[in-house]
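Take a look at the structure below.
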Amino acid sequence: MAISALVVDDSRVALVALARMLRAYGFHVDTAESGPETMDYLRANLPPAVIFLDHMMPGMDGFETLSLLKRDPSTTMIPIVMYTSREGDAYMGQARALGAAAVLHKPINPLELSGILTRLSLVPDRVAATPSATVVALRAGAGSATSQRPAHGPTSMTPSTPPERAVVANDADWRSRVQPTQPPLSAPPAEPRRRGAWLLPALYGLVLLLAAMWLWHQHQVAGQLRAELAEQRNALAEQQRASDLADTRLQLVQATMEAQRRAPATPAGWIDALVWAVNQHGHYEHDQIALSDERLLMVRELLARLGGMGFQGTVRLETHIGEFCLVRDGDGAYRLPAIQAQMSSCEIVRYSAEQASTLAHRQSPAFSRFIAERSGPRVPIHLALVAHGKAQPLLPYPDPTTVQTAGEWNQIARLNQRVEISLEPAR
C-alpha cells in the first residue's frame with residue numbers, strides 16, 4: 001500500500017514539481033493550496049504520513065498552519081517538512097521551535113529530499129541510493145563491454161591474423177609435408193564474420209558514462225555555487241543588520257544627549273525623547289516578523305536606559321501590518337517588485353482582521369523567551385504586547401486605480417507596517 005503525503009503550496013508549478021518527485025518514490029500524493037484548505041483536508045481524510053508545507057502563502061502562512069497542526073492532538077504526530085526558499089539560522093530555529101521535522105529548500109535538490117525521506121523513515125536506504133546506483137551500473141556496463149575483447153593467442157599467431165585463418169594455414173602446411181604428391185587442398189570459403197560487433201555498444205556505453213559524469217560534475221559545481229552564494233548573502237545580511245543596529249544605537253544616544261541638553265532638569269523630557277528616537281526605526285519589511293531578534297536588541301537597550309533614568313511602569317509594544325503589492329518569483333514565493341514597476345503588474349496581498357492580528361503578533365523564539373522572563377510581579381518595567389493588525393494604518397491607502405507604480409503603493413504599506421512603543425508610568 002502506497003505511503004500518503006500531503007503537499008501544501010499556493011504555487012501550482014512548485015506543487016506539481018514536488019508531487020512528481022514524491023510519486024517517483026512510490027508515494028500517494030494529495031495537494032492543497034492554502035492553510036485553510038489543509039485543515040479542511042485533514043478533517044475529511046485519514047492523516048497522511050508526512051506533510052510538505054510551503055512558508056510564504058497569502059492569508060494563513062506556513063508558520064501559522066504549522067502552529068495550528070501542532071496544537072491539534074489529531075495532527076500533532078504528523079511529521080511536517082517546511083518547504084521554502086528562505087535561508088538562515090534564524091528561520092531554521094523558528095521552524096524547529098514551532099515543531100517542523102525538517103526544512104526542504106527551493107529549488108528542490110533531489111539528494112536533500114532523499115535524505116529527508118530517509119531520516120523520517122519514509123523510504124529505505126536502498127531507495128534513497130538509486131541515483132548513484134545508476135551511475136555505477138553505467139560504469140559496470142562499459143567495463144564489461146571492454147572485457148569481452150578477444151585475447152591474443154600464442155606467439156605463432158600474430159595479432160593481425162584471426163584464429164580461424166591461422167588454423168587453416170597450419171593444416172595446409174601439415175598436409176603438404178605428409179602427402180607431398182597430392183595437390184594442396186583448398187580451404188572451404190569461410191562465412192563472413194562480423195568484425196567489431198562489440199564496438200558500437202561499447203561506444204554507446206562510453207558516451208552515456210561520460211554524459212552522466214559530466215552532468216554529475218555540473219550538479220556538484222552548481223550546488224557549490226549555490227552554497228557560496230547563500231553564505232555571501234547571509235554575510236551581507238548580517239553586516240547590514242549590524243550596521244542598522246549601530247546606526248540605531250548612535251541615533252538613540254544622540255537623541256538622549258540632545259534631550260538632556262535641552263531639558264536637564266526634567267527626566268520626563270529625556271524619556272519622551274528616547275521613545276521618540278526609538279519609534280523612528282519602528283518599520284520592518286514585508287517578509288520580516290514584527291518582534292524579531294533585531295527588535296529584541298533595541299528593546300533591551302531601551303529598557304536598560306529607562307531603568308537608568310529611574311522609570312517604573314509598563315512599556316507597550318504595539319504592532320501593525322501593512323498590505324503590500326507583491327509579485328511571485330520563479331519558486332512561487334512573494335517578493336517586492338521594482339519601484340518603477342506598473343501597479344497592474346503586482347498583486348495586493350489582502351488580509352482579514354484575524355489574519356492581520358495573527359501576523360502582527362509573530363515573534364522570534366528569543367523574543368518569546370525574553371517576554372516570559374519579564375512576566376514576574378517584581379519586575380520594575382513590564383512589557384505589554386498589543387497586536388493591532390491592519391486596524392490602525394498610519395497612512396490611508398489610496399484607490400489602486402489611481403496609483404501608477406508599485407513603489408508608490410509599497411511606500412505607504414511600509415510606513416503602515418511598524419512597531420510603536422509607548423510608556424505607561426506606574427501610579
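The values are calculated or read from the model by the stated rules, or taken from the named source; none is laboratory data. Please read all numbers here as calculations on a predicted model, not as lab measurements. When we count neighbours, we look across all protein chains shown, and the Cβ atoms used for this are built from the backbone with ideal geometry, even at glycine.
Residues to consider are Arg418, Arg335, Arg328; find the one that is under 30 Å from Ser11 (Cβ atoms), out of contact with any His (no Cβ under 8 Å at 6 or more places or on another chain) and either hydroxyl-bearing (Ser, Thr, Tyr) or touching a residue at least 60 places away in the same chain (Cβ under 8 Å) (or both).
Going through Arg418, Arg335, Arg328 in turn, just one is under 30 Å from Ser11 (Cβ atoms), out of contact with any His (no Cβ under 8 Å at 6 or more places or on another chain) and either hydroxyl-bearing (Ser, Thr, Tyr) or touching a residue at least 60 places away in the same chain (Cβ under 8 Å) (or both): Arg328.
Quick check on my filter: what residues within region 12-48 are of a type in the set (S, T, N, Q) and surrounded by 21 or more Cβ atoms within 10 Å (Cβ to Cβ)?
Thr38
Could you say which residue among Ala372, Ala391 is aliphatic (A, V, I, L, M), more than 26 Å from the chain's Cα centre (by Cα) and not in a loop (DSSP other than H, G, I, E, B)?
Ala372
Tally time: how many residues in region 395-415 are assigned to a loop (DSSP other than H, G, I, E, B), surrounded by 15 or more Cβ atoms within 10 Å (Cβ to Cβ) and of a type in the set (A, V, I, L, M)?
1
Conditions (1) modelled with pLDDT under 85; (2) in contact with a strand residue (DSSP E or B) (Cβ under 8 Å, 6 or more places away or on another chain); (3) assigned to a helix (DSSP H, G or I); (4) surrounded by 17 or more Cβ atoms within 10 Å (Cβ to Cβ), marked per residue:
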position: Pro201; (1), (2), (3), (4): no, no, yes, no
position: Gly205; (1), (2), (3), (4): no, no, yes, yes
position: Arg233; (1), (2), (3), (4): yes, no, yes, no
position: Leu252; (1), (2), (3), (4): yes, no, yes, yes
position: Thr256; (1), (2), (3), (4): yes, no, yes, yes
position: Glu301; (1), (2), (3), (4): no, no, yes, yes
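I need the helices (runs of 4 or more DSSP H) fully contained in region 17-128, keeping only those with at least 2 residues that are closer than 30 Å to Glu323 by Cα and touching a residue at least 40 places away in the same chain (Cβ under 8 Å).
The helices (runs of 4 or more DSSP H) meeting that bar are 62-71, 89-97.
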